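Worksheet: one structure, shown below.
Every read-out reported here was derived from the displayed coordinates using simple, explicitly stated rules and does not represent laboratory data. It should be emphasised that the depicted structure is a prediction, and the values quoted were computed from it without experimental measurement. Don't worry about glycine lacking a Cβ; one is built from the backbone with ideal geometry, like all the others, and counts go over all protein chains shown.
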Amino acid sequence: MLSQLFTHLNVTLAAVIILALAFDFINGFHDTANSIATSVSTRILSPRTAIIMAAGLNFAGALMSHKVAKTISSGLVQGSIPDYVIISTLIAAIVWDLITWYFGIPSSSSHALIGGLIGAAIGYAASLDIVMWGGVWKKVVLPLITSPVIGFALGFLFMKILFELLRPFSQNFVNKWFSKLQIVSAAWMAFSHGKNDAQKSMGIITLAMISSGLLPKGADVPWEVMIACAVAMGLGTSVGGWKIIKTMGVNMIRLQPINGFAAETSAALVIETASAIGAPVSTTHVISSSIMGVGASKRLSAVRWALARNIVWAWVLTIPITALMGAFITMAIKMVVG
């Protein structure tokens, strides 16, 4: 595969691969908070240790499956599309990620990429028919709506159950044990994040290779692509994303080790289920809503709802804005290249 890729490599395909790996790198530091914010804020792990753990497990998780990548490469857009459409997709997603990172807003890298792809494809075809709307509804919109709701509900119920089970025990006893258990839940969250999020770039590169004729329609992700994306995700995670870590781990609610354990475990369950069915959910949406659910289980006022409202608005706006950006960039390139 490597020799075939180098033989057929052209400027636009090379640009797709570079931009996809750059997106994966940015996704890594943008979404680092998904797996380590609660562990850092409860002081269970130092920032350095948490990031090293998250980077390694993001890498490992990215190699475990390619069902989500298959959805991206063959389940959203019909027919072949030129490389510049995929380039437009990636530019839109990268710009949105950097804007939301700058303002410390935990938006979805996944939905930025999918929104960019939908908009870029429509801008290229000048028609809505190029989008496989059934696949978008089933694999994107439904998980977009249901996964945060399930994350919130699981976080709320799991925390309530833990409160009841641990009522006879002292706070010191609870903190001692959950200080250890939260390391396990943070590790699982990091693994599940890599398993779902790194696959989006794998799918984009595979889509470009299919469009270039290097792979047949519906082909599996080449192992070289899996490794490259896993490395990029791991390296990005190692850089860290401190603004978003602060938003999620400190500003949203005040967390104890037991709260972090409940939020991370609930989120990891949702993300693992989504990965198993090939649904590209937002790990950001899921962990954010799980944290809100855990906070609300204590009392509604424990959650800073004004901040939560801003986060939800970012969720709602991500796909429409990146779709418009992707369409605009594609039409601009199309005018130049004819």
Peptide ranges 314-324, 51-61 listed from the most packed, as the mean C-beta count within 10 angstrom indicates
51-61, 314-324
In what order do Asp97, Asp129 fall by count of nearby beta-carbon atoms within 10 Å, going from fewest to most?
Asp129, Asp97
Restricting to lysines 8 or more places apart or on different chains, can you count the pairs in region 2-332 with Cα atoms under 19 Å from each other?
16
Please state the Cα pair-distance histogram of the chain with 10 angstrom bins from zero: what percent is in each bin?
6, 28, 34, 20, 9, 3, 0, 0
Lys and Arg at +1, Asp and Glu at -1: add these up for the other residues within a Cβ distance under 14 Å of Val131 and post the number.
+1
Residue-averaged [θ]222 nm for the chain, counting only DSSP H segments that reach four residues, each worth -39500 (n - 2.57)
-26000 deg cm²/dmol
